[in-house]
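Below is one structure, written out as C-alpha cells, with a few remarks after it.
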Amino acid sequence: MFIYKPLLVVSLLQVFNLELINNPFNAVLLFSTTLILPLFGIYVLRFSSDEIRSGLLFLSSFLILSFVPYEIGLLKSIESGFDLSGFGEEFTGLIGPFQTVHSASTALAGAMLTILFFWCSHAYNRFYLTVLLLLGLYFLIHTYVRTGLVMVVVGAIPMVSYFIWRDKLMRVQLFLLSFLLLTITGFWVMDNKVLVDRVLGKRVNGAELESFEKLGSGRGLLYLYSVEIFWESSISEKIIGIGQTEEKKRMEAKLGKGLIPHNGFLLLLLNNGLFGLAAYVVFLVHVYKLNKLFVFEGKYLAMGLFWAYLAMSFFQNFDMIYAFYLFALSISYVAMDQHEKRSYYLKYLETTHANFN
C-alpha cells in the first residue's frame with residue numbers, strides 16, 4: 001500500500017491549485033478520476049496471485065478482442081480514430097470501443113505485453129495467446145498511434161531478455177515467434193505507405209524531423225511552450241501549480257490552441273507544481289525499488305509494464321486508465337506471488353523443524 005501514497009498526494013493536489021478557483025467542478029472531477037488510480041492499486045492487493053493472474057488474462061483478452069466487432073462491422077465506434085488527412089488520406093485509424101485514440105493504443109500495448117509474458121512463461125494455452133498477440137499487433141498498428149508501439153518495444157526488452165537468458169529452448173521459441181510476428185507485420189506495413197509515413201513522421205506539409213518544434217506531431221513545440229509557461233509563473237504557481245483550465249488558457253495564448261503538454265511530467269509540473277511532480281517521481285522510484293526486491297519470475301512482467309508506463313507518461317500522460325490498471329495488477333501479482341511463496345516456505349521450515357524435534 002505504501003507505494004501508492006505518493007499517488008494519493010497527487011490526487012489531493014488536484015484541488016489545491018488555481019483550478020479550485022477557476023473551475024471548481026473540474027477540480028473535483030480531476031481529483032475523483034486521479035484518485036481511482038491509487039485506490040485500484042490498493043484494492044487489488046486483497047486478492048491472491050492466482051486471482052490477479054486470471055484478472056490480467058481476462059482484462060488483456062478483453063482489451064484486444066473488444067476491437068473485433070468494430071473491425072468486422074458489427075459495431076460502429078462512438079468516436080473517430082486518428083485523423084490521417086495530414087498524410088494525404090481521408091480515412092481514420094482504428095479506435096474500437098474507446099473514446100480517444102491514445103486510450104486505444106496504450107490499452108492495446110499494455111495488453112500485448114501482458115500476453116507476451118504469459119506466452120513466455122507458459123501460463124496459458126499458447127495457441128490462444130499467439131492469436132491474441134497477432135490480433136493485438138494488427139489493431140495496434142492500425143490505430144496509427146506511435147505511443148503504443150513505443151510502449152511495446154520498451155516494455156518487451158526486459159521481459160524477452162530474461163527469458164532468452166534463462167532457457168536455451170526459449171531462445172528458439174522466441175525466435176520463431178518473432179519471425180512470425182515480424183513477417184506478418186511486414187505484409188501489413190510495407191504495403192501501407194500511410195503507415196510508413198506515419199511512423200517516420202512524413203506529413204503532407206513536411207517531415208517532423210525538420211525541426212525540434214515539429215517532433216512527435218508537434219510535441220516539441222508543446223514542450224517548449226510548457227517550459228515557458230512554467231518559467232513565467234509566479235513562485236506560488238511554480239510550487240502548487242496553475243491547474244488545467246489556466247494551463248490551457250496560457251497555452252492557447254502562445255499556441256493558438258488550448259492543449260495539454262502531451263507529457264505527464266510537464267502536465268503535473270504545470271497543473272500541480274513542483275509538489276505534484278515530486279510526488280509522482282517518488283511513486284515511480286518506489287515502484288522501481290520495490291520491483292528490485294522481488295525474486296520471482298513475475299517481476300519481469302511488472303518491470304516490462306513499468307518501463308512501458310514510463311514511456312506512456314513521457315509521450316502522452318500518466319493517467320491513461322486501462323494501461324495503469326494492467327500496470328497496477330502486475331505489481332499486485334508479483335507482490336502477492338512472492339508473499340505467498342515465502343509464507344509457504346516459512347511454514348514448511350516450521351513444520352520440518354517441529355517434526356525433527
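The values are calculated or read from the model by the stated rules, or taken from the named source; none is laboratory data. Computed from a predicted model, the values in this text were never measured in an experiment. Counting neighbours? That spans all protein chains shown, and the Cβs are built from the backbone with ideal geometry, glycine included.
Details
- Residue 2 outside the structural domain of residue 136 (by TED's automatic domain parsing), over 28 Å from residue 131 (Cβ atoms) and in contact (Cβ under 8 Å) with a residue 40 or more places away in the chain: yes
- For the range 68-118, residues that are closer than 15 Å to residue 320 by Cβ and aromatic (Phe, Trp, Tyr) total 1.
- Matching option when the condition is more than 24 Å from the chain's Cα centre (by Cα), under 20 Å from residue 301 (Cβ atoms) and part of a helix (DSSP H, G or I), among 151, 170, 159: 170
- Subset tally (residues that are surrounded by fewer than 14 Cβ atoms within 10 Å (Cβ to Cβ), in a helix (DSSP H, G or I) and among the aliphatic types (A, V, I, L, M)) for the range 40-72: 1
- Residue check, residue 201 at pLDDT 65 or above, in contact with an Asp or Glu (Cβ under 6 Å, 6 or more places away or on another chain) and not aliphatic (A, V, I, L, M): no
- Qualifying residue in the range 256-279 (condition: aliphatic (A, V, I, L, M), closer than 26 Å to residue 25 by Cβ and more than 24 Å from the chain's Cα centre (by Cα)): no
- Qualifying positions in the range 280-332 - under 16 Å from residue 35 (Cα atoms) and either surrounded by fewer than 18 Cβ atoms within 10 Å (Cβ to Cβ) or among the charged types (D, E, K, R) (or both): 319, 321
- Looking across 100, 143, 106, 130, one residue alone is of a type in the set (Ser, Thr, Tyr), closer than 22 Å to residue 262 by Cβ and surrounded by fewer than 24 Cβ atoms within 10 Å (Cβ to Cβ). It is 100.
- Residues in the range 12-33 that are over 14 Å from residue 245 (Cβ atoms) and surrounded by 22 or more Cβ atoms within 10 Å (Cβ to Cβ): 13 alone.
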